[in-house]
Amino acid sequence: MSVQPLLTARGLVKRYGRVIALNNADFDLYPGEILAVIGDNGAGKSSLIKAISGAVNPDEGEIQLEGKTVQFRSPMEARDAGIETVYQNLALSPALSIADNMFLGREIRKPGIAGSLFRMLDRSTMEKRARDKLTELGLMTIQNISQSVETLSGGQRQGVAVARAAAFGSKVVIMDEPTAALGVKESRRVLELILDVKKRGMPIVLISHNMPHVFEVADRIHIHRLGRRLTVIDPKQYTMSDAVAFMTGAKKPPEEALAA
Amino acid sequence: MSVQPLLTARGLVKRYGRVIALNNADFDLYPGEILAVIGDNGAGKSSLIKAISGAVNPDEGEIQLEGKTVQFRSPMEARDAGIETVYQNLALSPALSIADNMFLGREIRKPGIAGSLFRMLDRSTMEKRARDKLTELGLMTIQNISQSVETLSGGQRQGVAVARAAAFGSKVVIMDEPTAALGVKESRRVLELILDVKKRGMPIVLISHNMPHVFEVADRIHIHRLGRRLTVIDPKQYTMSDAVAFMTGAKKPPEEALAA
Amino acid sequence: MAQAQEFEKVLSDSDKSVASFDEHGVSLLRRVQHFLHGNPAAVPLIVLVLSIIIFGVAIGGRFFSSYTLTLILQQIAVVGILGAAQTLVILTAGIDLSIGVVMVISAVVMGNFAVGYGWPAIIAVPVGLLVGALCGLLNGALVAYVKLPPFIVTLGTWNVIMATNFIYSANETIREADVSAQAPLLHLFGTSFKVGNAVLTLGVIAMVILVLVLWYVLNHTAWGRHVYAVGDDPEAAKLSGIQTKKVLMAVYSLAGLIAAFAAWVAIGRNGSISPSWAVTDYNLQAITATVIGGISLFGGRGSILGTLFGAMIVGVVSMGLNMLGADPQWKVFLTGVLIIGAVAIDQWIRKVSA
Amino acid sequence: MAQAQEFEKVLSDSDKSVASFDEHGVSLLRRVQHFLHGNPAAVPLIVLVLSIIIFGVAIGGRFFSSYTLTLILQQIAVVGILGAAQTLVILTAGIDLSIGVVMVISAVVMGNFAVGYGWPAIIAVPVGLLVGALCGLLNGALVAYVKLPPFIVTLGTWNVIMATNFIYSANETIREADVSAQAPLLHLFGTSFKVGNAVLTLGVIAMVILVLVLWYVLNHTAWGRHVYAVGDDPEAAKLSGIQTKKVLMAVYSLAGLIAAFAAWVAIGRNGSISPSWAVTDYNLQAITATVIGGISLFGGRGSILGTLFGAMIVGVVSMGLNMLGADPQWKVFLTGVLIIGAVAIDQWIRKVSA
Amino acid sequence: QEVGACLITKTDTNPFFVKMKEGATAKAKELGVNLKSYAGKVDGDSESQVAAIESCIADGAKGILLTASDTKGIVSTVKKARDAGILVIALDTPLDPLDAADATFATDNFEAGRLIGAWAAATLGDKAKEAKIGFLDLTPDQPTVDVLRDQGFMAGFGIDTKDVNKIGDEDDPRIVGHDVTNGNEEGGRKAMENLLQKDNTINVIHTINEPAAVGAYQALKAVGLEGQVLIVSVDGGCPGVKSVTEGVIGATSQQYPLLMASLGIEAIAAFAKDGTKPKPTEGKDFFDTGVNLVTDKPANGVTSIDTKEGTAKCWG
Ligand SMILES: Nc1ncnc2c1ncn2[C@@H]1O[C@H](COP(=O)(O)OP(=O)(O)OP(=O)(O)O)[C@@H](O)[C@H]1O
Ligand SMILES: Nc1ncnc2c1ncn2[C@@H]1O[C@H](COP(=O)(O)OP(=O)(O)OP(=O)(O)O)[C@@H](O)[C@H]1O
Ligand SMILES: OC[C@H]1O[C@](O)(CO)[C@@H](O)[C@@H]1O
Ligand SMILES: [Mg+2]
Ligand SMILES: [Mg+2]
């Protein structure tokens, strides 16, 4: 490919005491693509995207966004640079309401003086938009939009986190297992949403253990194993069985794929 | 069926403020079967099994275990009655080690006087067994068995919770989305484990959003919708599409199924 | 690209309405429960009303006199304001043990500048406020940037500020007469006026307004929500892009500033300014008001209105016991019983309303 | 029954070895880091050693004398024991503000029974211990069964026990001479013996043994793990079948019992028994030792050995400052600075060792 | 109508105030006065005393007996009470200024200090010139009792007090240092330990009261120095006198809290009847309830009573 990657990482290392979560990992994301990241539990997928999105500081390695070396010291900085992330642990504030969580850090203020001078939140607008976003995702069982997130079911919570990222991403959206707790209907909506975001020209990183989903939407598949990128494959050239075999170590990936 | 159900519930109601999580829900589990429970996010599946396992007290309704009315006031009591549960939020103590978590509440003591008089834990045995259980589930990426659970990846954590329930259940094992965060390999192991438990004669309740998994292992499928049991179907007589259509309200279930 | 799995095809027909349940014929009890569920600060309010009624019955008319009831407000004004500051900090899952001495040193600074060095009071007051805010800023920096536990940080600064207070002031009390003569502005919040039999001071009004303003800020501005989010789950707050450090800095500084404001009110109440106010355990009182008001020490939960009611509960109980003429030790005893009792009732109401 | 999906067939060939990485050529630094990572109590120990060295250099030989160093141990014995009790409670994410007055009332009971009513000391001591345990039981019941926040419960019982102490004792001090004459057993832990120049008391030995026993219990018995689990995440602990209520009851009762034991040690140290010990802020000292020792106030984290070192750090600092001849107020000031400093170093070591 | 009165003490843990309350309660019963008692949490806790005075006003009391913790700071609140027509009598501790109260019933605290100072100097004889003296004072803000006793001791011992209204401005090299005790045992012990760390050749200790003296003794005993130090104090409670008998304390100035209390109640009763206010002792600006030096080792030129007499007069 001659296109320049939008986001790259080289030689990322992250150690936790004795544990090595990232062991010289590389990463490339190209403009407009859906990149799936797959791998065993504990392979280091979440650690990889945390390093990229500023949630943890890698011990070694370099990250470039649009060709410029970046070093995000906080998720805030990554967000400001246009990278929006759905973390696996969701990063929601349990005691706050659904709307508060969706708009955390970019609240909508009332129009006029109430908003500009008294900085008053526009609760009704925020709640309305939150409700719309969730309905878009098919999360219709939420009875009370002002209930606190801690009282939501596992899947409803995940829906809130996904809706938030989709609504606000500007350059890259990263999703760490966004459908893990979702029902059939809700998962489908998330996939549609991902394709939708792609259509808007924004690249997406999707971490998932669901092979049919991955093969349905991904343009390229990054296979992570034992803390590093093992290979990147094209879902049109390999089957799900191949992917699973590579990621579990049942088969060695072919040489050319390694270079991808 | 003329066999007596092992575990039944009738007319369960659970309200949270304005929210009605269980709205007159029924439930039946027969000896030796694998009963899948499916439903939209927020349908009340977790609330149902929490009510059954003593984790929440239903506002109304009755539960019977082996024909006798029971009222578990704590998960401890349910456990003592032989009901082992994997909760959706996993119920692990983040700061404790993997082995400590697996054996929480039924620790192994050193043989001899060290154990009987000084009540000393047998750490090495506990760690060894924990390692074995996890390996059985294919969770091979755990590098340090004495690391605290909060440092595990999402899937590794789930593995610990599942391994614990499988190791200790005696009458009923309930699993609330046990494979949600698991990888392909690890999920497969959990399914095998479920079939294994069933072979030992123990019935299992499996909550899952993964239709292929559900249809692969379930003997009967309980479809939950809007806080109550909509119907129970036989996976051999209905397709996945039917099940999904029922649970999302796309199709009404047939009369006879309703009675099941 | 592969296709959606077969069974996903039926989804287009799925039900699209939002779940809702019958709310017909909801009983009054259940409505009360819903109300309490949605308005947690109402619970300490109920406890407050209950305690007023109990003491009123036990003591009779004297207790219900508007004079007595407003006196209670005067007595709690300082603790109420400090409690408001403490609430901000506790909402972030912190604690500020230094808040009482920050108040004292701010008062001493105001007094020394206005009376000792003879600066105009209109400048001495801002200087005092600044000192309070700086003390808070120091706490905030240590908590947010050096990442030390708030308990330790403020225990340390408590010692440091306490010592500085005594060294700087040379333990000298500034007499009321001198304050009145040279800097009457310092007595502003002691100004009292009568409404019928009730005697209110500007200090009481200030406390109420302050709490209302903070309530607004906490509930209706973005910053307020961030304060809750930081206390609720700091990790999640950070990941969702909140600048937790800045929020913490602001909260501790604001708490210091409010403590300095409490100093101004306290000067109004006491007339004189004494460095040895530091001996009174204002902290514990403020924390007690906060916790009785239903703010969780683990952060992120509770309404600042609760703190106001919490302070009033403490005031009512201690005045009530005084007027019943209880022996000092029995008074201590009963205070203990009542603290537990108030929170037990609170907990019970919450439970039946859950 | 359907079949496993196609792509799952390849799993039989997957890699079966447990992940592991090269540990060859691991640097010394990294090994130290690993060690500290696995032994959190080592961090306050390092801070302790550092502070001894700093004061040793500043003060010279006098400070290093075994006399001085053992004197410090004598001074902290009571606080160390109370800190151990407090640690248990804090590990469950609670706090026990009443622990100081529980100690005092237990001491008064021991003294009154042995000296006042003339019972044999061998009975008076268990009676005192029982009183302590009962106070703890009351706290435990209110926390576990009535589900009140520990802060409020123990603030309430603090008042109640404090008042009871003064009412029961009529504020009368039992003089040392009387104790020596009638109940020398009460002075047991004051017994001192020399090892070279070092003067140790049985109280010091008791503190060390107590902490070691508790360390064993917390780390090597099931009950100990349950204490951690309850503090870590009570909801999870309950769901995993731990009887959280029983654990809480046991922890608070044990804390009361240990406080009563501290009373016995305190009688040995002070000679006389005075109800007005209650005014000293033993609580804050015990909590400070605990927190400096690295126990998290949010529960579930930290090693009780840390508390021991925490108490020693406080002892070393205050003795060091005394020997440097600091002015009382400057001493307070420096104590504040040092509290913060000690924990900052601790935090820093943890960070580089993470 | 019943006469209401209030007694507000610094603490109710110091036996001195416990006795004072007992005395006042007994007298009040006798005269049919309805007495309510209040106390600060610790010595120095002025806020509780302020709240107590306010409660008394709200309660419609006729008179207040007050031992002030913060002798300057409380003055404005006292004024409110007097403005409300309440008779305010300072017991034990004069207010600052003294005439902020309607009357003061107290020990002559300067004299109490002077007696123990003079006794200590006379007892040491020649050695007084190179004495090493430690002062265990009350609270940091130097309330009147503290200043009077401390400076009285210096006057009696032969130390130049410089400003007699201020503790700590002296430059006599014999002074090792001052520390505060909050007037209780634990505080006395800590302060003593602190001074010993400064200089362990201390041989004279002035203590603000007997609880502080008891604490100081414990600290000395812990390091085996109890035999070499002369402790003097003020109070003359029964345990204190017993300590003098045993040689733990060298000498103590005995005060008479029961007298203060009963005089105070009588004054309030009288005031309620016809508005008469109590008069000060001839030649003084307060009512002197008397003081005696108690010691078994009388010294030349210092009047004293022995412990037998002291025991007869002691108060609890
Ligand atoms: N804070 C931490 N401390 C110690 N070890 C950690 C920490 N965070 C992650 N690890 C370890 O790093 C490894 C990689 O974890 P990571 O969460 O990146 O895996 P993952 O590929 O996202 O797995 P999953 O699919 O289960 O989410 C795991 O072995 C995990 O135990
Ligand atoms: N503690 C609570 N307070 C208020 N509402 C609650 C509480 N717990 C659950 N709910 C609500 O009850 C409903 C049912 O939740 P439940 O967790 O049982 O759903 P579920 O079927 O398990 O969903 P999922 O598949 O997403 O796990 C949801 O609408 C949820 O918001
Ligand atoms: O705390 C100081 C107080 O102590 C006493 O000496 C009694 O012990 C009082 O006379 C004095 O006011
Ligand atoms: Mg992950
Ligand atoms: Mg669920």
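The values are calculated or read from the model by the stated rules, or taken from the named source; none is laboratory data. Values in this document were obtained by computation on a predicted structure and should not be read as measured data. Glycine also receives a Cβ, built like all others from the backbone with ideal geometry; neighbour counts cover every protein chain displayed. Please note that ligands, DNA and RNA were not included when accessible areas were found on the heavy atoms of the full protein model with its side chains. Shrake-Rupley method; radii C 1.70, N 1.55, O 1.52, S 1.80 Å.
Basic side chains Lys and Arg get +1 at the Cβ, acidic Asp and Glu get -1 at the Cβ, and with that the dipole of the range C:66-344 about its Cα centre reaches some 380 debye.
I'd like to compare E:246-258, E:178-190: which one has the highest average count of other Cβ atoms within 10 Å, and what's the full order after that?
Values: E:246-258: 23.7, E:178-190: 25.9.
My ranking of the peptides, most packed first, is E:178-190, E:246-258.
Counting heavy atoms of the protein chains alone, B:Met102 has an accessible area of about 10 Å² for a 1.4 Å probe.
So for each of C:103-114, C:319-330 I average, over its residues, the number of other beta carbons within 10 Å; can you give me the resulting order with the highest mean first? Mind showing how you got there, number by number?
Values: C:103-114: 27.8, C:319-330: 20.3.
The most tightly packed comes first, giving C:103-114, C:319-330.
The charge dipole of chain E, taken about the Cα centre with unit charges on the Cβ atoms of Lys, Arg (+1) and Asp, Glu (-1), comes to about 540 debye, rounded to the nearest 20.
Its residue count N fixes a reference of 2.2 N^0.38 Å for the range C:184-308, and the Cα radius of gyration divided by that reference is 1.23. What number comes out for the charge environment of B:Phe168, summing +1 per Lys or Arg and -1 per Asp or Glu over other residues with Cβ under 10 Å away? So the surrounding residues net to +2.
Can you list the aspartates and glutamates whose alpha carbon is less than 14 Å from that of E:Lys10, not counting same-chain residues fewer than 8 positions off? List returned: E:Asp43, E:Asp45, E:Glu47, E:Asp70, E:Asp92, E:Asp146. When the accessible areas of E alone and D alone are added and the area of the pair subtracted, with a 1.4 Å probe, the result is around 2100 Å², both sides summed.
Each residue of the range A:197-213 was assigned a 3J(HN,Hα) from its phi angle through the Karplus expression (A = 6.51, B = -1.76, C = 1.60, θ = phi - 60°), giving 4, 4, 4, 6, x, 9, x, 9, 9, 10, 8, 7, 9, 8, 4, x, 4 Hz with x at Gly and Pro. Averaged over peptide D:148-158, the number of partner chain Cβ atoms lying within 10 Å of each residue's Cβ comes to 6.
The separation of the range B:95-157 from the range D:267-317, counted between C-alpha centres, amounts to 33 Å. Each other copy holds its own label point for C:Asp15; taking that point as 7 Å from Cα along Cα to Cβ, the gaps run 4.7 nm, nearest first. With helices as the sole contributors, the protein assembly as shown gives -16500 deg cm²/dmol at 222 nm; each DSSP H run of n ≥ 4 counts as -39500 (n - 2.57), and the sum is divided by every residue. Listed by chain and number, the lysines placed with their C-alpha closer than 26 angstrom to that of C:Lys147 are A:Lys14, A:Lys50, C:Lys238, C:Lys245, C:Lys246, D:Lys331, D:Lys351; residues fewer than eight positions away on the same chain are left out. 3J(HN,Hα) along the range B:77-88, derived from phi through the Karplus expression 6.51 cos²θ - 1.76 cosθ + 1.60 where θ = phi - 60°, amounts to 5, 5, 4, 5, 7, x, 9, 10, 10, 9, 7, 4 Hz, with x in place of Gly and Pro. Put the Cα centre of the range E:65-92 next to the Cα centre of the range B:38-81 and the gap is 66 Å.
Each copy carries a label point for B:Asn144 at 7 Å from Cα along the beta-carbon vector; from one copy to the others these points are 4.4 nm apart, nearest first.
In the range B:131-163, the residues that give up 40 Å² or more of accessible area when the other protein chains are added, compared with the chain on its own (1.4 Å probe), are B:Met140, B:Thr141, B:Gln143. Interface size, chains A and C: roughly 3200 Å² of accessible area buried, both sides included, 1.4 Å probe, rounded to the nearest 100. With the whole protein complex present, E:Asp70 retains an accessible surface near 0 Å², based on a 1.4 Å probe. Proximity of backbone amide H atoms, modeled 1.01 Å from N, is registered between E:Cys6 and E:Lys36, E:Gly63, E:Ile64, E:Leu65 at under 5 Å, excluding neighbours fewer than 5 places apart on the same chain. Surface analysis of the protein assembly as shown yields an accessible area of 36 Å² per residue, using protein heavy atoms and a 1.4 Å probe.
Here's the list of aspartates and glutamates a cross-link from A:Lys198 could span, going by alpha-carbon distance under 17 Å and ignoring same-chain residues fewer than 8 apart: A:Asp28, A:Glu33, A:Glu84, A:Glu136, A:Asp176, A:Glu216, A:Asp219. For the set A:Lys251/D:Lys16; E:Lys27/E:Lys72; E:Lys80/E:Lys273; B:Lys68/B:Lys199; E:Lys79/E:Lys273; D:Lys194/E:Lys198, the pairs lying more than 18 angstrom apart at their alpha carbons are E:Lys27/E:Lys72; E:Lys80/E:Lys273; B:Lys68/B:Lys199; E:Lys79/E:Lys273; D:Lys194/E:Lys198. Amide H contacts under 5 Å for B:Leu230: B:Ile223, B:His224, B:Arg225, restricted to partners 5 or more places along the chain or on a different chain, H placed in the peptide plane at 1.01 Å from N. Rounded to the nearest Hz, the phi-derived 3J(HN,Hα) couplings of the range B:12-29 under the Karplus curve 6.51 cos²θ - 1.76 cosθ + 1.60 (θ = phi - 60°) are 6, 10, 9, 10, 10, x, 6, 7, 10, 7, 10, 10, 6, 8, 10, 6, 9, 10, where x marks glycine and proline. Its Kirkwood hydrodynamic radius, worked out from the mean inverse distance over all distinct Cα pairs, puts the protein assembly as shown at 35.6 Å. Interface between chains A and B: roughly 2300 Å² of accessible area buried, both sides summed (probe 1.4 Å, protein heavy atoms only). Would you calculate the separation in nanometres between label points at E:Leu98 and A:Gln64, each defined as 7 Å from the Cα along the Cα-to-beta-carbon direction? About 8.9 nm separates the two model spin labels. Take B:Gln4, push a point 7 Å out from Cα through the beta-carbon direction, and compare it with the same point in every other copy: 7.6 nm, smallest first. Between D:Ala278, D:Val230, D:Leu88, the Cα set farthest toward the positive side of the dipole of the range D:66-344 (charges on each charged residue's Cβ, about the Cα centre) is that of D:Val230.
Ordering A:Leu96, D:Leu185 by accessible surface, largest first, gives D:Leu185, A:Leu96; the 1.4 Å probe counts only protein heavy atoms, with every chain in place. At 1.4 Å probe size, with the rest of the protein present, what percent of the exposed accessible area of the range A:7-258 is carbon and sulfur atoms? Carbon and sulfur atoms account for 48 percent of the accessible area of the range A:7-258. Rounded to the nearest whole angstrom, the semi-axes of the ellipsoid equivalent to chain D, taken from the Cα gyration tensor as √(5λ), stand at 41, 29, 17, largest first.
The rotation axis that maps chain C onto chain D passes nearest to the beta carbon of this chain C residue, listed with its distance in whole angstrom: C:Phe298, 3.
Between the amide H of C:Ile95 and those of C:Phe151, distances stay under 5 Å, these residues lying 5 or more places away or on another chain, with hydrogens modeled in the peptide plane. For D:Trp264, D:Trp223, D:Trp119, the ranking by accessible surface with the largest value first comes to D:Trp119, D:Trp223, D:Trp264, using a 1.4 Å probe. Accessible-area rank, largest first, for C:Tyr145, B:Tyr87: C:Tyr145, B:Tyr87, with all protein chains present and a 1.4 angstrom probe. Rolling a 1.4 Å probe over the protein heavy atoms of the range E:170-316, with every protein chain left in place, gives an accessible area that is 52 percent carbon and sulfur. When the range A:7-258 is described by a simple charge dipole with +1 on each Lys and Arg Cβ and -1 on each Asp and Glu Cβ, the residue from A:Pro178, A:Leu206, A:Ile63 located farthest towards its positive end is A:Pro178.
Based on alpha-carbon atoms, the Kirkwood radius and the radius of gyration of the range A:7-258 give Rg/Rh equal to 0.99. In the context of the full protein assembly, A:Arg123 retains an accessible surface of approximately 60 Å², using a probe radius of 1.4 Å and ignoring ligands and nucleic acids. Apolar share of the accessible surface for chain D: 69 percent from carbon plus sulfur atoms, 1.4 Å probe. Taken as Cα centroids, the range C:45-79 and the range E:1-63 sit 21 Å apart, rounded to the nearest whole angstrom.
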